[in-house]
Amino acid sequence: MALNCLSLLLITLMMNPSLITKSAASSAAADKVYIVYMGSANPAKESAINSMLKRDGGRAIDPLRTYRHGLSGFSARLSPEEAAAIADHPHVISVFPDESYKLLTSRSWDFLQELTESNDVVPLAGPIRPGFCTSSPSSGLVIGFIDTGIWPESESFKSEGTNSNPPRGWNGTCMAGADFESTACNGKIIGARHYVTGTARDWAGHGTHVASTAAGAAVGKASYYDLATGTARGGSEFARIAVYKACNDRLRCKGSHMLSAFDDAIGDGVHDISVSSAPDEVPSRSPYFLRDPVAIGAFHAVERGITVVAGAGNTGPDPASVFNDAPWIITVGASTIDRVFRADVVLGGGGGVVKGEWLTFPDLDRSPIHPLTDGSTAKEGNASYLAASDCQQDSLKREKTEGKIVICEVKGKDPTINLLTQANEVQGKGGLGMILVDDVTRRVAEYSGDFPVTVVSSREAVKLKSYLNITVDPLATILPTVTVGNYRPAPQVSYFSTRGPSVNLPNIIKVVQPDVIAPGVSILAAWIGDDSESTPKGRKPPSFNIISGTSVSCPHVAGAVAAIKNAQPSFSPFAIKSAS
């Protein structure tokens, strides 16, 4: 019944002339790649595809990719006129440009279990307990990850304890590629395909982090340089992993590649799919689902009984900012957990401690012996006080910042100004470190390089500014980051997590989004083995890293979905969505 309703919804979207336009007209003169979507997979549509590719009186069209397992269609380089002509074919539902999408870049699972046991939240699907968020060693469940690939050597993907036999119905393969042998599929990693860079190996870290969050094996004493130390494990640690590398090392994903990944995952026989990508901007009311690769791919996956989980996006907190809001997807927002990473400021002369948060490993004396100033006091002659207070580029005077820790303050949401540009300005003018006062962007802790940085709230900054104003020779230091647990209140919806409601459905259909929130702030999980950007000076690259985003909360739910499916094999994607 649920699938019939779902099909009716999609048909409504297709039939309503105000919601769909089959024209693919464009003002661009040059050819570009289009996706031609033709609905569900059907062998009878093969002849229709062939007729479109071998057009009478026109040039033969060479498809870049074809879709035939779960959906029908292809992608090809077309002129606007060819795209418009193909859009008029009776078998074609939509034709749309192949756009680029972005990825929505241990303790978290323990925190979820503690919440459940304390009755602070409703348990996931009552019949699952005991054994919250887990799967059995004999589990034949396969989670497909559409992401940047995987680092197969990570301890999180060791095969010990995993059934070495392929699960029933598995049709996947392990594609060899650059620095990725087919032997990388070890039973834990059961399949790997790539659509970019010629390899399923992850060179960005994102795909590795996501896969280990959902299905990583237990690894003891995991940490990011002694931060967040504990046992790192996936939500369904015995589930198998199928990798679909559709996103490049710059965290961008072509729509045609994602559709290929969905199509292959359906044909391979995965049980649920984790996808953490979204367009750059929230679409306005339009036939968006019919030109959104994630919505299309997810629809046909759900049609085959495969649950799809997707991140809600990181551009909150405004209303109606949610991505991946098709009602057949489990859309996941991000929440905090009961852990923060403190990088405090100690003031000289008994001035006290100012609480800060960031991932920093400063090479500073732990005693407050370093001169302290603020940006507005250290402004360059031609710079405005606002620019200097914000530590904007070329706003600070070297003679006033050299050898000092500089206080910078975020005044607005200028996209050209961010923590890195501010830190570069302070460091470039000889500063020893930066204290950033920021209530505007609500940054979450991450590693930003060797230059000492911490972020403080405006409330904490009152103490800082008071000390600066009444002290003749103010001194301070920035302490190395420490882990602080049992932080309350938690969980809270993160500031960056997008909010509903959905704007992509007819007015008669009201859908509250996102469907669920999950840990997505400062989460520790497996990482690639050669990432110099995440490595402090003089240290070896980390085996685990701490990142944030709804792309981190998404695999938490994907792991929980696998656990539900393991406990209740007969549950449909909609039953699982209700249980989550």
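Going Cα to Cα from K32, which lysines come in below 22 Å? Please leave out same-chain ones fewer than 8 positions away.
K22, K54, K102, K254
Just the C-alpha atoms of segment 345-486: what Rg/Rh do they give, with Rh taken as the Kirkwood radius? Don't skip to the answer; put the middle values down first.
Working: Rg = 13.7 Å, Rh = 14.8 Å.
Computed over Cα atoms, the ratio is 0.93.
Counting only the backbone N, which residues of segment 395-416 are under 19 Å from the spot 7 Å out from the Cα of S367 toward its beta-carbon?
404-405
Would you mind listing how long segment 401-452 runs along its three principal axes, going by Cα atoms, in whole Å with the largest first?
Result, largest extent first: 28, 21, 17 Å.
For the chain, build the convex hull from the C-alpha positions and give me its volume per residue in Å³.
Dividing the Cα hull volume of the chain by its residue count gives 165 Å³.
Roughly what would the spin-label model give for Y495 and R442, points 7 Å off Cα along C-beta, in nm?
For Y495 paired with R442, the spin-label model returns 0.7 nm.
Find, among the GluC sites (Glu not before Pro) in segment 135-206, those assigned to loop by DSSP (not H, G, I, E, B) with at most 16 other beta-carbon atoms within 10 angstrom.
E153, E160, E181
Output needed for segment 426-499: three equivalent-ellipsoid semi-axes, defined as square roots of 5 times the C-alpha gyration tensor eigenvalues, in descending order, whole Å. The partial results should precede the final answer.
Values: eigenvalues 133, 55, 36 Å².
So the equivalent ellipsoid measures 26, 17, 13 Å along its semi-axes.
Note down the nm distance, to one decimal, between modelled labels 7 Å out along Cα→Cβ at R398 and at S458.
Taking the simple label geometry, R398 and S458 are separated by 3.5 nm.
Provide the gained length on full extension for the span R488 to A178, in nm with one decimal, where the gain is 0.36 nm per separating residue minus the Cα-Cα distance.
Between R488 and A178, full extension yields an extra 107.0 nm.
Given only helices, namely DSSP H runs of n ≥ 4 each adding -39500 (n - 2.57), what is the per-residue ellipticity at 222 nm of the chain, to the nearest 500 deg cm²/dmol?
On the way: 13 runs with 134 residues, N = 580.
So the calculated ellipticity at 222 nm is -7000 deg cm²/dmol.
In what sequence, highest mean first, do 169-179, 260-270 appear when ranked by Cβ atoms within 10 angstrom?
Result, highest mean Cβ count within 10 Å first: 260-270, 169-179.
At 7 Å along Cα-to-Cβ for each site, give me the label-to-label distance between K32 and D62 in nm.
Going from the K32 label point to the D62 one covers 2.2 nm.
In Å³ and rounded to a whole number, note down the convex hull volume per residue for the Cα atoms of segment 525-580.
94
Rule-based calculations on the coordinates, nothing more; no lab input. In this text the structure is predicted, and so the values were computed from the model without any measurement. All Cβ positions, even for glycine, are placed from backbone atoms using ideal geometry, and neighbour counts span all protein chains on display.
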